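Notes for the one structure printed next.
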Amino acid sequence: MAKHVVCAVSEIPPGERKLLETDGKRIVVFNLGGEYFALSDRCPHQGGSLCSGLVSGHVESPKPGVYHYSRKGEMVRCPWHYWEFDIRTGKSWFDPKRVQVRQFPAQVESGAALVEGPYQAETFPVRVEDSYVVVEA
């Protein structure tokens, strides 16, 4: 899988997201308190953009009238039909074994590692001799 530079860390503040379009894919990158997670921008139900969806927490109810709100900012809701997905795993909360959003690895890398890249051109020693440039090959 090829690596793609999304942006500088400062461009996605905690609790925010950024859309990346590359190789025909739309990927949304979320910053959850300094941890980065990337999901397909397409809801598996009918293709709604998760980048446009509401980010919220998880609500559980053990019985009527009793609600527990947890995991603030870790759920994204599709704006079309409100299907909810865990940003950390891509899994849905209604059927996590069968319905999930594709996840992509996301990490922070130093600029030097990105500039050097995985490939290097072959180099040769160069020196000047009596006003001639000489390459040793």
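The values are calculated or read from the model by the stated rules, or taken from the named source; none is laboratory data. Note that the coordinates shown come from a computational prediction; the quantities given were computed from them, not determined experimentally. Neighbour counts are summed over all protein chains in view; Cβ atoms, including those assigned to glycine, are modelled from backbone coordinates with ideal geometry.
Glu21 - would you say it is in contact with a Leu (Cβ under 7 Å, 6 or more places away or on another chain), within 17 Å of Ala106 (Cα to Cα) and charged (D, E, K, R)? No, not satisfied.
Applying a threshold of 6 Å to beta carbon distances and a minimum spacing of six or more residues, or different chains, the list of pairs starting in region 18-36 at a residue that is closer than 19 Å to Thr89 by Cβ and of a type in the set (A, V, I, L, M, F, W, C) and ending at one that is modelled with pLDDT under 90 and not in a loop (DSSP other than H, G, I, E, B) reads Ile27/Leu20; Ile27/Phe104. Within region 7-17, the residues that satisfy the criterion of being without any contact (Cβ under 8 Å) to a residue 40 or more places away in the chain and farther than 21 Å from Met75 by Cβ are Cys7, Ala8, Ser10, Glu11. Candidates are the residues of region 1-18 that are within 12 Å of the chain's Cα centre (by Cα) and under 14 Å from Ile87 (Cα atoms); the one that is surrounded by the most Cβ atoms within 10 Å (Cβ to Cβ) is Arg17. Selection of first residues in region 41-66 that are within 22 Å of Pro14 (Cα to Cα) and of second residues that are of a type in the set (S, T, N, Q), restricted to Cβ pairs under 7 Å at least 6 apart or on distinct chains, gives the following pairs, ordered by first then second residue: Asp41/Ser49; Gly57/Ser70; His58/Ser70.
Val28 meets each of the listed conditions (1) in a loop (DSSP other than H, G, I, E, B); (2) crowded, with 16+ Cβ neighbours inside 10 Å apart from (1). Filtering region 69-103 to residues that are among the β-branched types (Val, Ile, Thr), out of contact with any Phe, Trp or Tyr (no Cβ under 6 Å at 6 or more places or on another chain) and either surrounded by 15 or more Cβ atoms within 10 Å (Cβ to Cβ) or modelled with pLDDT under 90 (or both) leaves only Val99.
Quick check on region 58-67. Is at least one of its residues surrounded by 11 or more Cβ atoms within 10 Å (Cβ to Cβ), in a loop (DSSP other than H, G, I, E, B) and at pLDDT below 95? Walk me through how you get there before you give the answer.
Within region 58-67, the subset surrounded by 11 or more Cβ atoms within 10 Å (Cβ to Cβ) is 58-60.
Next cut, in a loop (DSSP other than H, G, I, E, B) only: none.
No, region 58-67 contains no residue that is surrounded by 11 or more Cβ atoms within 10 Å (Cβ to Cβ), in a loop (DSSP other than H, G, I, E, B) and at pLDDT below 95.
Taken residue by residue, region 28-40 has no member that is touching a Leu at 6+ places or on another chain (Cβ under 7 Å), modelled with pLDDT of 90 or more and charged (D, E, K, R).
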